[in-house]
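What follows is one structure encoded as structure tokens, with my remarks underneath.
Bear in mind these aren't lab numbers, they're just calculated from the coordinates by the rules spelled out. All figures in this text were calculated on a predicted structure; none of them were measured in a lab. So basically every Cβ, Gly included, is an ideal-geometry build from the backbone, and we count neighbours across all protein chains shown.
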Amino acid sequence: MGTKQQVIEDLFQHCKSRNTWEFDNALVRHYAEKNGFGNPFDVTKIDNSSLLPQILRDEDYFIVHLGQGRHRFVKGVLLGYHRFEEVEPAEMIDWKYRPSILNEFDTSESNILSVASNQRILHDFLYGDIVASPKVYNARRTKANLTYNVGGETISAVNVQIEIDLTLEHHGIVTVVEGKNGFPEDFAVYQIFHPFKYYDMLRQANRLSIQQITTCYVLRKREANHSVLRLYNYTFENADELGSVTLLKKAQYNLVRR
């Protein structure tokens with residue numbers, strides 16, 4: 001069986017030889033079949049830069065989604081991927097809790113966010129108040145037209161699909177939450193930028209009275225007898241610039257059984 005990296009490398013070489021950096025799902029399926037890779041729909045989903053083929057890292061390219069089955073190789077890996085900041089010892093919290101029967105049942109993104117919410121970790125981290133009562137909106141998908149910049153290049157995405165794991169609203173502050181397993185070194189910025197841009201567009205159009213938009217990454221890793229959650233709160237200094245992601249705060253919660 002071929003690998004995702006082999007398919008992406010073939011796509012990159014194809015585009016480079018023709019001096020056109022845009023490609024579509026038909027071409028993805030072609031090279032997936034050529035390499036015996038069984039899931040062409042997964043090819044362009046690259047959650048962290050370590051999954052990029054070496055040739056893309058060497059030549060400083062990553063993939064953006066243009067909607068309607070179209071994609072593009074764009075310069076600037078450090079703009080497309082943001083390195084998770086180190087958590088300092090002073091930011092590590094031993095969080096005493098009484099586990100339920102489902103807390104460690106699986107490691108799905110839904111379960112990760114459920115644990116963070118049920119144990120009031122999200123409330124403590126985002127609002128500094130474990131009895132805060134944010135409005136909770138579960139996972140959803142939507143589509144939108146997005147125009148933004150990556151460095152000096154303008155990206156126009158048409159009817160691009162936006163996936164949101166969880167949304168919280170508290171006193172006019174909307175926070176988009178993304179959950180992942182493990183502690184990767186970095187993450188694909190579009191995963192939080194697309195939802196941020198979507199809500200910013202609604203705010204700019206006066207369709208929603210949003211005071212502030214932030215995003216939150218929740219990472220979970222299982223240790224020998226407990227779980228560790230790392231939370232990162234980000235915003236974007238410029239809603240038109242993918243690379244303007246800015247850290248607001250971070251923390252690590254060590255779940256200690258009572």
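Here region 76-223 is treated as an ellipsoid with the same Cα gyration tensor; its semi-axes, largest first and in whole Å, are 28, 19, 15. Sparsely packed loop sites in region 150-221 (the trypsin sites (Lys or Arg not before Pro) outside DSSP H, G, I, E and B with at most 15 other Cβ atoms within 10 Å) comprise Arg207. Extending 7 Å from Cα along the Cβ direction at Glu85 and again at Ala205 yields two label points whose distance is 3.3 nm. Short-range pairs are left out: with C-alpha atoms under 8 Å and at least six residues apart, the relative contact order of region 4-75 is 37 percent.
How many angstrom lie between the C-alpha centres of region 1-55 and region 88-133? For region 1-55 versus region 88-133, the Cα centre distance is 37 Å. Note on region 11-68: the alpha carbon radius of gyration divided by the globular reference 2.2 N^0.38 Å gives 1.11. Normalised by residue count, the chain yields a Cα convex hull volume of 141 Å³ per residue. Treating r as the C-beta distance of His14 and Val256 and R0 as 51 Å, the FRET efficiency rounds to 0.45. When the Cα atoms of region 139-258 are aligned to their principal axes, the ranges along those axes come out at 48, 32, 25 Å in descending order. Computed on the Cα trace of region 110-194, the radius of gyration divided by the Kirkwood hydrodynamic radius gives Rg/Rh = 1.02.
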